[in-house]
Structure formats: C-alpha cells, structure tokens
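Undergrad: Before we start, here is the structure in question, set down as structure tokens.
Each reported figure results from applying straightforward, stated rules to the coordinates on display, with no laboratory input. Note that the structure is predicted; figures quoted are calculated from it, not measured. Virtual Cβ from ideal backbone geometry, glycine too; neighbours counted across all protein chains shown.
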Amino acid sequence: MSVSALNSGLSGLKAYASALDSSGHNVANANTANFVPQQVSFQEQPAGGVITTISKEGASLSSQESQDGSGTELASEIVQSIQFKAGFDLSAKIIKTADQMLGTLIDIQA
C-alpha cells in the first residue's frame, strides 16, 4: 500500500508542477498579442495516479481580445495557480505519510 501511495503522490507532484508551469506561461504571455493560453486537464491513470494534458484547444480569441492582447484571464489564472499549489502541497503530504508508513512497516519487520 505504501509503495502505491508513493507512486500516486509522485504522479500528483509531477502533474501539479506541470499545471503550475502552464499557468506561469499563460501569465507571462498575458500581454502578448494574439496569445492563446494553454488549457490543463487532469486524467486518472488506470494503474493509479494522475497525468496532465496541456492543449490550446477551446481557447479561441474574440475580436476584442485579439485587439487588446491575449486570451489570458488573469483572475482565473491566479485562482488556478492557488488550486494547483494546494494540490502540489497535498501530494507532498501524501508522499511524506507514505514514507512514514513504509518506515514503520520496515521497523515492524526488523
């Protein structure tokens, strides 16, 4: 159980780090004309854990947005960044707890 929890926590760390990178990319290009922000989606893996898919689909610019700059909505990017950071922190706590459980199991066996 502890090993699968470690794998799930590690996949969560990777997924949320990727999502934070994408959000940072979107914010960094907020003033770039005709920039289409990246969209992040999370998918469960059959063996456990999560992966992210980053795409630009579904993020078309309106005529007003293309005149003003990019399609990046800073307010939603900030909210998503907070959510992604919380997910990253929770994944780190899962790894810490799984490590403690694995250590206890090893101590019991010894």
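Undergrad: If we count every other residue with Cβ under 13 angstrom of Ser81's Cβ, Lys/Arg +1 and Asp/Glu -1, where does the sum land?
TA: Once positives and negatives cancel, what remains is -3.
Undergrad: In addition: Spin-label point model (7 Å from Cα, Cβ direction): what's the Lys85 to Ser41 distance in nm?
TA: 2.8
Undergrad: Hey, for a label at Ser55 modelled as a point 7 Å past Cα toward Cβ, could you say which residues of the range 1-40 have their backbone N under 11 Å away?
TA: Residues 39-40 qualify, since their backbone N sits under 11 Å from the label point.
Undergrad: Can you order the peptides 73-83, 3-13 by their average number of other Cβ atoms within 10 Å per residue, highest first?
TA: On the way: 73-83: 13.3, 3-13: 16.9.
My ranking of the peptides, most packed first, is 3-13, 73-83.
Undergrad: Quick one, can you get me the convex hull of the C-alpha atoms of the chain expressed as volume per residue in Å³?
TA: 77
Undergrad: Let me ask something else. In straight Cα distance, which lysines are under 17 Å from Lys96, not counting same-chain residues fewer than 8 positions off?
TA: The qualifying lysines are Lys14, Lys85.
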